[in-house]
Amino acid sequence: MTAMTSLSLPPRRQVSSPSMSVERRTSGLLCSTSGGKVSIGKSFGVDIDHTRAMAPSRRSASAGVPVALFSGGKKQKFIKKEDEPKEYWQTADERSGKSPLLSPISTHLSIKLADVPSKALGDGSVYICVAPRQSRRWSPGNQRTRSVHMAAVDLSESTAVAETKLKLGSGLLKVVGDECKRDGGLAAAGMVQLFAHIQLAVKSVSSVVSRASLEGLMGYYEEVGDGGRGGGGGGGGGAERDKQKKLDVVANDIVKRVLADSGVVAALASEEDEEPVFVANGGEYVVVFDPLDGSRNIDASIPTGMIFGVYARIGTPSGSSSASTTEWSLANSLQPGSTLLAGGYALFSSATMLVLSLGHGTHGFTLDTSLGEFLLTHPNIQIPKRGQIYSVNDGRYFDWPQGLRNYIDDIRQGKGQNPKKYSARYICSLVADVHRTLLYGGIAMNPRSHLRLVYECNPMGFIVEQAGGKASDGKRRIVDIKPSKLHERLPLFLGSFDDVHELESYGDVQQVVNPGYQV
């Protein structure tokens, strides 16, 4: 019986193995989204269009030795039948002395792995890489076909491979697995499985957002009353009523279905729903999320995003009734941000990025659309201790308290602790504003009780703190605040540590006046 999985090609990187020096593509972790096992064997096959190549591993995997496949040199020996080597591939440049014509191939290759003793994936030990080239096959008609050049390397003997951890080009799931190993409190297999589904949800929503105007998903879906997403349900101004965009509804449905299918989630709480959802599969994690932050910007194609936080489940429901499971799910969703196991956000912009932390620093991944994979592009993000940019809707300047007005006046004139004059940058998308602040430094804020503590403030505060920054409601550390309601709203000030600390020193910075802005 053969197992099927998908393989994508990460970016090129030079690396030396114990017995050969090759140009390879940095490894991407194979992971079955169904949570099963994939067999690693003595041989494997790769199908690209109508070309089939069989290649052996350098060592038998019958003893459970982890095997990696790297792109090899100009000529590789492939095995047609086991123990019967026959070299039947030759690159075009070797035959004619000319450079081969390179052409794009399918972004996902189907890999068939032999049915031998299997190894559970998700521990960061199994990698496969290939190098596609245009080649000429020795066959009747001398037909030009696409081939894949490969070699196999035993990871257990390669120190060079181990040194690539958390370096540019590493796959998302490999980094998650490595991060889990640093903390004995995290079950690597379960967290990797969860992030396999989180990244699937992010890719799915990103695709829908990019095609929204083509699929008729622009505009509003319906108006939601105060009991749920509106101000009354969260304590943030009863006169305010939120409207759902069509994409809000679609994105929410995608994320809930994908995460519920992961097999490791016990409860889901969404910014779009009045109550959390109990997932009856005995999962170990509770996920809170805003499926589409900044959706008001969608019709103008301004950057939007997704925010999520992951908690460990606490206890079990007292009964199987709907009331019991809902009460238990609510209690699990109202944990303070300081207990987050992981948090992150996705940014849908000129590129789709996924920024996350598992409590050991903040890392950024960029979706390579030609490969369909998130690759590490921003390892160990460190926000500058002080920036020169502030992000706030200062059209509401006259509704602010005097302390906040004084702070903004001072930094704009270069009269604050930083003698340089600050510039304003404001997108009105929390993910986009925080992402820029994370990379460039400065401060992003919403001084009124508008942002939801559970879905927005806690995960974003967690991310910023893990990058060396600070997150506050103007008086308290944001992740220390215990939510009292699912949709509780608070002011939020976050960014460079020194900038947020300076703002707090002005005292009165929380906006109390809320005239009920109409957007």
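Quick note: the coordinates plus some simple rules give every number you see, no bench work behind them. Given the structure is predicted, the values throughout are model-derived calculations rather than measurements. Glycine also receives a Cβ, built like all others from the backbone with ideal geometry; neighbour counts cover every protein chain displayed.
Out of the chymotrypsin sites (Phe, Trp or Tyr not before Pro) in the stretch 456-519, which ones are loop residues according to DSSP with at most 14 other C-beta atoms within 10 Å?
Y517
Would you pull out the residues with amide H under 5 Å of A269's amide H, same chain only if 5 or more places away, H placed 1.01 Å from N?
V277, V287, V288, F289
Taking K and R as +1 and D and E as -1, what net charge do the other residues with C-beta under 12 Å from the C-beta of L453 add up to?
Around L453, the surrounding residues sum to -1.
Read phi for every residue in the stretch 299-305 and hand back ³J(HN,Hα) as whole Hz from Karplus 6.51 cos²θ - 1.76 cosθ + 1.60, θ = phi - 60°, with x for Gly and Pro.
5, 9, 6, 8, x, 10, x
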